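*Asks:* My questions all concern the structure below.
Every number in this text was worked out from the coordinates using simple rules, so none of it is lab data. Given the structure is predicted, the values throughout are model-derived calculations rather than measurements. Note that each Cβ is placed from the backbone with ideal geometry, even for glycine, and that neighbours are counted across all protein chains shown.
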Amino acid sequence: MKIVTIIGARPQIIKAAALSRAIKNSFSNQIEEVIVHTGQHYDQNMSQVFIEELGIPEPKYNLNIGSSSHGVQTARMMEGIEKILLDEKPDYLVLYGDTNSTLAGAIAAAKIHVPIAHIEAGLRSFNKSMPEEINRIMSDHASTLLFSPTPTGFNNLVKEGFSADNKNPFSADHPGIFHCGDVMYDNSLFFKTLALQQSKVLEKHDLKGKDFVLATIHRDSNTDVPERLTAIFEALLEITEMEKMEIVLPLHPRTAKLMQSNLTGEVYEKVKASGWLKLIPPVSFLDMIILESHCRLVMTDSGGVQKEAFFFKKPAIILRSETEWKEIVEVGCGLIANADKEKILTGWQHFKKTGDSLDYPDIFGDGKAAEFICQTMVQG
């Protein structure tokens, strides 16, 4: 069997590592994987370092699309992916998540009848103003095999008309839906030992033995709206000043580019002068694991980082108006604060009191999701 895997952004590179590892360890005689990097987000820190560090096979193709408007970017990806699919003739196109790379792959494959396996299917924020929500819905409804990381995701698919009773052989008109667990949980278990051995991020940034908060901000709904970005940074600054505790913020390129223009002058100057708000360059996945597993609390607008916080038993303040990972909120380990300064501060006080007593149930599988996905593709 031949599969073509589409990656385009840092989270997809990391997720793809789980499947590539499962193929190498258990399915090398049954599955040939061809990796395509769309170039949606491509720089040395956000792409190539991850490919090398996580042991992913080097992409056979790089479309070098880069940044542009949603329509232009998606159209150029579709053109490149279609040509590759016609040349490679795979049994499945494997897609991850909800980026423009995911959508472009889904449309290109569906139009020429290449079966699609969508990993992270069924996730819904129920907010169609998010480009990601449109991408994930469209991709799910073009797919043949849909792999959901959580029961909620599986149930969302059933509510949208997918049948839980469909049997093999599967097709786009007769798709198979599965609750398989989360490939990122697979990765977190696998890479934590390696991270402990290799990462020097705590020493590099003088964090070893310290109490600190980890924050990430990258969504355009936060970075591109001055009022929202300012409110978030005002909350971060107030927490650092009140607690005399460092907040570590690995700066996404988008955030770094827009801080000066979208923060008020006063807040921007306070950020630059702060001795407690530690702005650092983007970090590798192994470094991120160490930061997540050693911090006191996570503040993030990233869906992936919300989950990783949960994997490492850290409470999360979610800097969005909703989350696809509703289970994290339902069990009390996540709190939705949006870009609301007062809600962020309230969330901090809440977890300051309760953070050490939280329970983290097994809601993301058994760490073998990638093996299940490979076995299902081979059988299907």
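*Asks:* If you average the C-alpha positions of the range 161-239 and of the range 1-45 separately, how far apart do those two centres end up, in angstrom?
*Replies:* Between the Cα centre of the range 161-239 and that of the range 1-45, the gap is 18 Å.
*Asks:* Let me test this: with uniform point scatterers at the alpha carbons of the range 8-122, what is the Debye-based log₁₀ I(q)/I(0) at q = 0.19, 0.23 1/Å?
*Replies:* Debye curve over Cα of the range 8-122, log10 I(q)/I(0) at q = 0.19, 0.23 Å⁻¹: -1.03, -1.50.
*Asks:* For labels at Lys60 and Leu279 in the simple 7 Å Cα→Cβ model, what's the distance in nm?
*Replies:* Distance between the two pseudo-spin positions: 4.3 nm.
*Asks:* Got a sec to turn the phi values of the range 109-119 into Karplus ³J(HN,Hα) couplings, 6.51 cos²θ - 1.76 cosθ + 1.60 with θ = phi - 60°, whole Hz, x for Gly and Pro?
*Replies:* So the Karplus estimates, Gly and Pro as x, are 5, 4, 5, 10, 6, 8, x, 10, 10, 9, 9 Hz.
*Asks:* Have a look at Gly97, Gly71, Gly176 and tell me which one the Gaussian network model of the chain (Cα, springs below 10 Å) gives the largest fluctuation.
*Replies:* Checking each option, the largest mean-square fluctuation is seen for Gly71.
*Asks:* Among Thr74, Thr5, what is the fewest-to-most ranking by other Cβ atoms within 10 Å?
*Replies:* Lowest count first: Thr74, Thr5.
*Asks:* Something else: What are the ³J(HN,Hα) values, in whole Hz, obtained from phi via the Karplus relation 6.51 cos²θ - 1.76 cosθ + 1.60 with θ = phi - 60°, for each residue of the range 134-147 in sequence order, with x given for Gly and Pro?
*Replies:* For the range 134-147, the Karplus-derived couplings read 4, 4, 6, 5, 4, 5, 4, 7, 9, 8, 9, 10, 10, 10 Hz, x marking Gly and Pro.
*Asks:* When Lys and Arg each count +1 and Asp and Glu each count -1, what net charge do the other residues less than 11 Å away from Ala195, Cβ to Cβ, add up to?
*Replies:* -1
*Asks:* Please report the relative contact order for the chain, taking Cα pairs under 8 Å with a sequence separation of at least 6, and give it as a percent rounded to a whole number.
*Replies:* Dividing the mean separation by the residue count of the chain yields 15 percent.
*Asks:* Taking just the alpha-carbon atoms of the chain, what radius of gyration and Dmax come out, in angstrom?
*Replies:* Cα-based Rg and Dmax for the chain come out at 20.4, 62 Å.
*Asks:* Convert 25 °C to kelvin, take the viscosity as 0.890 mPa s, use the Kirkwood radius over C-alpha pairs of the range 189-357 as Rh, and evaluate the Stokes-Einstein diffusion coefficient in µm²/s, rounded to a whole number.
*Replies:* Here the translational diffusion coefficient equals 154 µm²/s.
*Asks:* Given 10 °C and 1.306 mPa s, how large is the Stokes-Einstein diffusion coefficient of the range 93-221 in µm²/s, with Rh as the Kirkwood radius over Cα pairs?
*Replies:* Answer from the Stokes-Einstein relation: 95 µm²/s.
*Asks:* Once the piece of chain linking Lys272 and Ser357 is laid out straight, how much longer is it, given 0.36 nm per residue of separation minus the C-alpha distance between them?
*Replies:* 27.1 nm
*Asks:* At a Förster distance of 22 Å, what's the computed FRET efficiency of Gln48 paired with Lys257, Cβ-Cβ distance as r, to 0.05?
*Replies:* 0.65
*Asks:* Using the crude model of +1 on Lys and Arg Cβ and -1 on Asp and Glu Cβ, and no other charge, please compute the dipole size for the chain relative to its Cα centre, in debye to 20.
*Replies:* That gives the chain a dipole magnitude of about 320 debye.
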